Amino acid sequence: MLVLLVALGGSTGCSMRLRRAVVVDDLLEPLGSDTTHLPSPAELAAARLARLALVATEADPAVDAALANVAETRKPGDSKHLLPLATDLRNTTTGDPIAYREASRALRKKRGIDPRLASRLDEAIADDPLKLARRRRRDDWHRLFARTFNSIAEPLGQSVITGFILAPFTLTNSLIHYFAEFSNAEPLSQTGRQALVLRQEFLAAHPDSPVAPEVGRLVARDEIRHARTLALRRVRAAEQAIGQGQPALALHQSRTASQLLEPHPGAHDRLRRRAARLENEALESLERRNHLLARALEANATHEATRASERALATALLVAPSPPAASIPSSPATARLPDAPVAVASDSCAPSRSTKTATKSLPGERSPRSRARAHQTTRWRATPVSSSRTTGRIRTTPSGACAAAAVAKRWPSGWRASGSLARATRTSRRLSPI
Amino acid sequence: MSALAARLAPSTSASMALAIFVLLASTGCQTFSARQKEAVYGPTEGVLEAVAVLRRHVPDDTYRFPPARDFSGRNVYRASLLRLENLERAEAAALRSGYMDAVITFAKGRALERLRAFDLAAQHYRESARLSDELRPAALASAEVCERIDRAVKIGIELVDPVPEGGTPARPIDPEGVRRALDERVTQLSILLGELNDAAGEDAPRKPAEGAGDGSGVDRRHYRWIVQEEIERADVVRARYAIEIRHVVPDGTLVALQELQRVATRHGASKNRLRHLLRLGDFYADLAREYLDAVPPESLTFDPARFRELADAAIQLYELVGSHDGRPEKLEATRNLEAFLALTLTIDADRYDR
């Protein structure tokens with residue numbers, strides 16, 4: 001107890017002696033000026049390494065010597081990030097991205113790399129176009145495996161509810177769709193195209209690389225498939241265009257398909273013949289269409305007997321007063337000007353009021369209702385205007401409305417054409433030709 | 001502690017042990033997450049990191065390939081320049097001794113020359129040569145090249161900001177004079193390119209740097225790409241000028257077309273080759289639109305063959321650019337093609353086959 005008390009008193013006394021007074025003589029002390037940071041020997045060595053690295057060419061031994069100097073001059077108080085960063089700086093002087101990637105991989109394996117440098121090294125290591133290309137191809141296999149698994153697992157899973165009664169049916173249905181999907185598969189998938197682009201970029205950047213011949217072989221193989229893929233899309237678009245009555249578009253698509261296959265003369269003969277056949281078909285269809293268009297503009301000579309009455313009718317129509325407000329037609333197929341002296345084409349080819357007025361005075365003609373009924377047909381037929389005693393037939397109505405309507409029915413309106421064109425070039429189900 | 005544990009009920013002791021374990025584990029996790037946080041570098045390490053990122057991309061061929069981007073998605077040269085400037089400001093006290101000044105100045109020069117600030121780059125190189133003996137040969141050689149490039153690009157006209165604050169100066173209507181000046185620029189750059197190619201050849205000795213007493217060679221190979229980019233830019237300026245004045249000079253449209261085709265042909269290896277083709281396609285599309293404005297499709301003087309020539313050229317170019325995978329120009333071309341095809345819908349079917 002006594003020893004304890006002595007010890008306690010002694011320590012208290014010591015602390016009292018060391019305790020400073022609260023009030024000191026100098027209440028205000030001047031602020032100390034910033035002391036200049038004196039670089040340590042390791043930092044100076046790092047600065048020298050940076051100078052050499054900035055001007056070094058590939059495999060400069062001076063840079064390696066400077067790095068060794070940094071390692072030697074490091075002291076325990078120096079930053080632990082210095083040496084890894086210095087090593088990374090030395091690695092950048094190789095001048096070759098492939099060599100830098102290998103060196104980064106080696107540096108990354110070391111322990112104690114700080115996260116910032118580690119993430120940068122990881123990014124450099126991952127930025128390997130050939131590796132990315134291989135991953136893209138692996139995605140294809142992954143997708144195939146997933147599709148196969150799902151085609152079996154999904155119907156089985158759905159059949160659990162029904163107690164597997166419908167399992168054979170759903171499974172068969174799923175397998176049929178699974179195998180049918182292969183017919184829609186393209187020679188080069190989207191991921192395949194990505195892999196092709198990556199390999200092409202690698203070849204362009206490193207034509208002298210040791211792996212360049214192998215990569216070149218893969219690129220040549222995929223380029224042929226790529227050409228076939230694009231040509232196939234064009235051919236399908238051409239077939240669709242022919243089916244929709246767009247021979248000009250079909251001709252363009254088929255010709256483009258042939259051009260795409262031109263650089264590969266020995267491959268895809270069947271597809272080439274198919275494109276040529278579609279081109280010929282499109283040309284014939286265009287020729288037919290142009291012939292019909294030209295025929296639509298033809299004017300038949302009028303019969304002598306009806307010339308006078310036609311002149312009178314035309315004169316009456318032309319001098320008839322214009323309606324107070326005429327709507328502007330949006331397209332030939334849908335325009336409707338009921339009060340116009342010259343009726344524009346309408347789908348029903350119903351005669352306008354002015355037409356009825358103009359034609360009412362002609363002797364021996366059929367009633368407007370029967371005439372309208374005759375014009376209701378979608379195909380154009382010659383309608384007798386005069387009585388049945390006359391032999392002449394007028395092929396066109398006074399306005400040519402029905403002829404125009406017949407032509408308009410054969411060719412889609414502007415909006416329908418643009419819609420079909422948009423479908424042809426950008427569809428979710430039907431792949432774009434590009 | 002053991003006596004205390006012995007006094008407590010077993011369930012309580014188990015709870016306490018669990019709490020202690022959780023506390024220790026969370027502390028350990030915090031330590032782990034602290035390691036995952038971004039490391040705080042000292043000034044030397046910060047400079048080393050910025051220089052390493054920049055040095056890695058100094059030899060890059062930015063004529064054929066797009067400039068690299070760092071992890072933040074920025075142009076790596078611009079990002080390096082910004083980091084170095086921020087380091088100078090933030091670590092001014094630590095760098096006051098000047099042991100890193102030469103490195104920072106030289107590195108900024110390397111970044112600036114890739115950002116087309118050749119005069120500033122030359123200044124930084126000269127300063128760096130003054131500060132460091134090790135960097136002097138390379139700095140002086142780089143300064144010389146940058147000054148030559150800067151003198152060359154100042155010859156002739158340049159593309160200007162279309163909406164400047166002080167107003168846009170009028171373009172000189174002097175096609176011959178402008179063409180001569182730009183040809184002079186290209187000639188100067190081509191001479192420099194030839195010298196750089198010779199220096200880069202394996203059999204040719206490297207040019208000794210100015211002021212280097214020992215005659216050591218200096219690596220100037222990366223300047224070839226910079227000079228090629230400037231030659232390309234001169235051709236683009238020439239084509240753009242021809243487009244701007246085509247309405248006020250005879251055969252201006254034909255000349256503009258020829259200039260655009262010249263750019264696309266001369267720079268087929270450039271990273272901007274698709275951009276050049278797209279510009280040519282846009283020009284054909286503009287000509288087609290102008291033709292439609294001048295000669296409406298329903299008029300008697302409308303010439304379907306002439307319109308078809310313009311339209312087909314535009315469509316073919318758009319499709320050519322649109323067929324190149326992996327480039328942003330592909331998207332632009334496909335959208336432009338759709339827009340142009342929609343324009344042709346206004347023309348009668350017998351005058352233009354859709």
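The values are calculated or read from the model by the stated rules, or taken from the named source; none is laboratory data. This one's a predicted model, so the numbers in the text were calculated from it and none came from an experiment. So basically every Cβ, Gly included, is an ideal-geometry build from the backbone, and we count neighbours across all protein chains shown. Quick note on the areas: whole protein, heavy atoms, side chains included, nothing else; ligands and nucleic acids left out. Shrake-Rupley method; radii C 1.70, N 1.55, O 1.52, S 1.80 Å.
If I ask for residues that are open to solvent by less than 20 Å² (accessible area, probe 1.4 Å) and among the aromatic types (Phe, Trp, Tyr), which ones from the range B:291-333 would you list?
Once the filter is applied, which keeps residues that are open to solvent by less than 20 Å² (accessible area, probe 1.4 Å) and among the aromatic types (Phe, Trp, Tyr), the range B:291-333 yields B:Phe302, B:Phe307, B:Tyr318.
From the list B:Arg89, B:Arg69, B:Arg56, which residue is surrounded by fewer than 18 Cβ atoms within 10 Å (Cβ to Cβ) and either acidic (Asp, Glu) or closer than 26 Å to A:Ala204 by Cα (or both)? Explain how you work it out, then say what you get.
Details: B:Arg89 fails: either acidic (Asp, Glu) or closer than 26 Å to A:Ala204 by Cα (or both); B:Arg56 fails: surrounded by fewer than 18 Cβ atoms within 10 Å (Cβ to Cβ).
After ruling out the rest, the residue left standing is B:Arg69.
Among the acidic types (Asp, Glu) and more than 8 Å from chain A (Cβ to nearest Cβ) - does that describe any residue in the range B:69-86? Explain how you work it out, then say what you get.
Taking the range B:69-86 first, the residues among the acidic types (Asp, Glu) are B:70, B:85.
Then keep just the ones that are more than 8 Å from chain A (Cβ to nearest Cβ); that gives B:70, B:85.
The answer is yes, given that some residue of the range B:69-86 is among the acidic types (Asp, Glu) and more than 8 Å from chain A (Cβ to nearest Cβ).
Among the candidates B:Ala239, B:Ala288, B:Ala234, which residue alone is closer than 19 Å to B:Ile315 by Cα, crowded, with 18+ Cβ neighbours inside 10 Å and touching a residue at least 12 places away in the same chain (Cβ under 8 Å)?
Details: B:Ala239 fails: closer than 19 Å to B:Ile315 by Cα; B:Ala234 fails: closer than 19 Å to B:Ile315 by Cα.
Just a single option satisfies the conditions, and that option is B:Ala288.
Being farther than 14 Å from A:Leu44 by Cβ, of a type in the set (A, V, I, L, M, F, W, C) and open to solvent by 40 Å² or more (accessible area, probe 1.4 Å) is the filter; apply it to the range A:67-98 and report the residue that is farthest from the other protein chains (Cβ to nearest Cβ).
Only one residue tops the list, namely A:Ala68.
Specify which of the listed residues (B:Ser97, B:Ser132) is open to solvent by 50 Å² or more (accessible area, probe 1.4 Å) and facing chain A (nearest Cβ under 9 Å).
Numbers: B:Ser132 fails: open to solvent by 50 Å² or more (accessible area, probe 1.4 Å).
Residue meeting the stated conditions: B:Ser97.
Does any residue of the range A:137-147 turn out to be part of a loop (DSSP other than H, G, I, E, B), away from chain B (no Cβ under 12 Å) and aliphatic (A, V, I, L, M)? Full working, then the answer.
Let us first name the residues in the range A:137-147 that are part of a loop (DSSP other than H, G, I, E, B), namely none.
Looking through the range A:137-147, none of the residues is part of a loop (DSSP other than H, G, I, E, B), away from chain B (no Cβ under 12 Å) and aliphatic (A, V, I, L, M).
For the range A:102-122, what are the residues that are open to solvent by less than 70 Å² (accessible area, probe 1.4 Å) and either within 19 Å of A:Ala56 (Cβ to Cβ) or hydroxyl-bearing (Ser, Thr, Tyr) (or both)?
Here is the first cut: in the range A:102-122, the ones open to solvent by less than 70 Å² (accessible area, probe 1.4 Å) are A:103-107, A:112-122.
Hits for the range A:102-122 are A:Ala103, A:Ser104, A:Leu107, A:Ser119.
I'm trying to understand the selection: among the residues of the range B:149-178, which are under 26 Å from B:Leu112 (Cβ atoms), open to solvent by 80 Å² or more (accessible area, probe 1.4 Å) and either assigned to a helix (DSSP H, G or I) or in contact with a Ser or Thr (Cβ under 9 Å, 6 or more places away or on another chain) (or both)?
Scanning the range B:149-178 gives B:Arg151, B:Asp161, B:Pro162.
Considering only the range B:100-115, state which residues are more than 14 Å from B:Glu127 (Cα to Cα) and either within 7 Å of chain A (Cβ to nearest Cβ) or not hydrophobic (A, V, I, L, M, F, W, C) (or both).
Correct list: B:Glu113, B:Arg114.
In this structure, is B:Asp282 within 14 Å of another protein chain (Cβ to nearest Cβ), under 26 Å from the mean Cα position of the chain (by Cα), surrounded by fewer than 19 Cβ atoms within 10 Å (Cβ to Cβ) and closer than 30 Å to A:Thr229 by Cβ? If you could, list the steps in order and put the result at the bottom.
Values: within 14 Å of another protein chain (Cβ to nearest Cβ): no; under 26 Å from the mean Cα position of the chain (by Cα): yes; surrounded by fewer than 19 Cβ atoms within 10 Å (Cβ to Cβ): yes; closer than 30 Å to A:Thr229 by Cβ: yes.
For B:Asp282, the condition - within 14 Å of another protein chain (Cβ to nearest Cβ), under 26 Å from the mean Cα position of the chain (by Cα), surrounded by fewer than 19 Cβ atoms within 10 Å (Cβ to Cβ) and closer than 30 Å to A:Thr229 by Cβ - is not met.
Given the conditions (1) open to solvent by 40 Å² or more (accessible area, probe 1.4 Å); (2) touching a helix residue (DSSP H, G or I) at 6+ places or on another chain (Cβ under 8 Å); (3) of a type in the set (A, V, I, L, M, F, W, C), which single one is not true for A:Ile176?
(2)
Do any helices (runs of 4 or more DSSP H) entirely within the range A:165-272 hold 2 or more residues that are basic (Lys, Arg) and within 14 Å of chain B (Cβ to nearest Cβ), and if so, which? Before the answer, list the steps.
Working: elements: A:167-184, A:190-205, A:212-243, A:247-261.
In the range A:165-272, the matching helices (runs of 4 or more DSSP H) lie at A:190-205, A:212-243.
For the range B:144-191, name all the residues that are closer than 15 Å to B:Arg224 by Cα, hydrophobic (A, V, I, L, M, F, W, C) and without any contact (Cβ under 8 Å) to a residue 60 or more places away in the chain.
Scanning the range B:144-191 gives B:Cys146, B:Val186, B:Leu189, B:Ile191.
When residues of the range A:144-161 are filtered for being open to solvent by 40 Å² or more (accessible area, probe 1.4 Å) and either touching a helix residue (DSSP H, G or I) at 6+ places or on another chain (Cβ under 8 Å) or in contact (Cβ under 8 Å) with a residue 60 or more places away in the chain (or both), how many remain?
Count: 6.
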